[in-house]
Amino acid sequence: MEIILKKDVANLGHADDVVKVKTGYAVNYLIPQGFATLATPSALKQHAETLKQRAHKEAKKVADAEALAAKVSSMLVKVAVKVSEAGKIYGSVTTAQLADALVAAGVEVDKKDITILAEEVKELGTYEAEVKCYKAVKGTFKFEVVAE
């Protein structure tokens, strides 16, 4: 019996896969638990259309993310911080400060999506950070830490 999986099932397949299983397994477990639906010709046609639309939307999201990554990669962001007389920063530069600096430069980015590539930013200078735009699409930008 062919079924369309709605959710990931261990040792069987991932969501949206069309798989063959024994009738009893499908009728007694997978379908009643909501893990699958019966693969009728109309359900398969609808499933194919859904996958086609999802692929189109996914391609648009990836293209938008790549454009954002390219825009971010060409930027040099300045972060102003308080420093001691010796040139050491009080505290360190955080992703929240970088997110605010990017918003000021015209790019909306969540602080959770930013990763500072240096171990710690405790001195003035130029560093790099990475922005996760979408799934596997990332952009790297430079930021300069300057005295306030």
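None of the figures in this text is laboratory data; all of them are computed from the coordinates on show. Values in this document were obtained by computation on a predicted structure and should not be read as measured data. Here Cβ is always computed from backbone atoms with ideal geometry, including for glycine, and neighbour counts include all displayed protein chains.
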Selection status of ALA80, in contact with a Phe, Trp or Tyr (Cβ under 7 Å, 6 or more places away or on another chain), of a type in the set (A, V, I, L, M, F, W, C), surrounded by 12 or more Cβ atoms within 10 Å (Cβ to Cβ) and not in a helix (DSSP H, G or I): no
Just to be sure before I move on: is ASP16 in a loop (DSSP other than H, G, I, E, B) and either charged (D, E, K, R) or in contact (Cβ under 8 Å) with a residue 24 or more places away in the chain (or both) in the structure I sent? yes
Can you tell me which residue among VAL81, VAL131 is over 20 Å from LYS61 (Cα atoms) and either of a type in the set (A, V, I, L, M) or without any contact (Cβ under 8 Å) to a residue 12 or more places away in the chain (or both)? VAL81
Any chance the range 125-132 includes a residue that's in contact with a Lys or Arg (Cβ under 9 Å, 6 or more places away or on another chain), aromatic (Phe, Trp, Tyr) and crowded, with 17+ Cβ neighbours inside 10 Å? yes
Can you pull out every residue in the range 138-148 that is in a strand (DSSP E or B) and either among the polar types (S, T, N, Q) or surrounded by fewer than 18 Cβ atoms within 10 Å (Cβ to Cβ) (or both)? LYS138, THR140, LYS142, GLU144, VAL146, ALA147
Can you report the number of residues in the range 95-137 which are under 14 Å from VAL79 (Cα atoms) and either assigned to a helix (DSSP H, G or I) or under 20 Å from the mean Cα position of the chain (by Cα) (or both)? 13
Looking at the structure I just gave you, is ALA86 under 30 Å from TYR127 (Cβ atoms), among the hydrophobic types (A, V, I, L, M, F, W, C) and part of a loop (DSSP other than H, G, I, E, B)? yes
Tell me which of these SER74 doesn't satisfy, since it passes every other one: (1) closer than 25 Å to PHE143 by Cα; (2) surrounded by 14 or more Cβ atoms within 10 Å (Cβ to Cβ). (2)
I'm trying to understand the selection: among the residues of the range 84-108, which are under 12 Å from PHE143 (Cβ atoms) and in contact (Cβ under 8 Å) with a residue 24 or more places away in the chain? VAL93, THR95, LEU98, ALA101, LEU102, ALA105
What number goes with the only condition from (1) surrounded by 11 or more Cβ atoms within 10 Å (Cβ to Cβ); (2) touching a strand residue (DSSP E or B) at 6+ places or on another chain (Cβ under 7 Å); (3) of a type outside the set (Lys, Arg) that GLN46 does not pass? (2)
Per the filter on the range 14-43, residues on the phi > 0 side of the Ramachandran plot and either more than 27 Å from the chain's Cα centre (by Cα) or surrounded by 15 or more Cβ atoms within 10 Å (Cβ to Cβ) (or both) are GLY34
